[in-house]
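Before any comments, here is the structure.
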Amino acid sequence: MSVYVDELRYYPPTPRWRHGDACHMTADTLEELHAFAGKLQLRRAWFQPRERFPHYDLTARRRAAAVLAGAIEVKVRDYVRSLLKARGELKNG
């Protein structure tokens, strides 16, 4: 079981997001994701329960803390590809 963070990207400010650079944090299981988020003092309300990609958004500072706590750095495309393959949703892969 592992927790993953993808690379930082710039997101323009919106009423819901004012932090600029951000990334996603996800895990092999929701239980592990929520437990790890708790270690980082993330609010459960920040969880985004996307059906195909449940995750938390992290600022650059929280991403650094996640990596120090053991999160694995991945490229988002590689992670999503492996996730879809594991679920049998990836064609020709």
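The values are calculated or read from the model by the stated rules, or taken from the named source; none is laboratory data. Predicted, not measured: the structure shown is a model, and the values here were computed from it. FYI the Cβ positions are ideal-geometry reconstructions off the backbone, even for glycines, and counts take in every protein chain you see. Heavy atoms of the whole protein, side chains included, go into the accessibility calculation; ligands, DNA and RNA do not. Shrake-Rupley method; radii C 1.70, N 1.55, O 1.52, S 1.80 Å.
Points to keep in mind about this one:
So that you can scan it fast, the table gives a plain yes or no per residue for (1) of a type in the set (S, T, N, Q); (2) in contact (Cβ under 8 Å) with a residue 40 or more places away in the chain; (3) at positive phi:
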{"position": "29", "(1), (2), (3)": "yes, no, no"}
{"position": "47", "(1), (2), (3)": "no, no, no"}
{"position": "53", "(1), (2), (3)": "no, no, no"}
{"position": "57", "(1), (2), (3)": "no, yes, no"}
{"position": "72", "(1), (2), (3)": "no, yes, no"}
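- Positions within region 12-22 being assigned to a loop (DSSP other than H, G, I, E, B) and in contact with a Ser or Thr (Cβ under 7 Å, 6 or more places away or on another chain), in sequence order: 19
- Single condition residue 71 does not satisfy, out of (1) at pLDDT 95 or above; (2) farther than 15 Å from residue 28 by Cβ: (2)
- Some residue of region 14-22 being open to solvent by less than 60 Å² (accessible area, probe 1.4 Å) and small (Gly, Ala, Ser): yes
- Output for region 1-11, where each listed residue is at pLDDT 85 or above and either assigned to a helix (DSSP H, G or I) or within 19 Å of residue 61 (Cα to Cα) (or both): 3, 4, 5, 6, 7, 8, 9
- Filtered by the rule that a residue be in a loop (DSSP other than H, G, I, E, B), at pLDDT 90 or above and open to solvent by 50 Å² or more (accessible area, probe 1.4 Å), region 23-62 gives 41, 43, 49.
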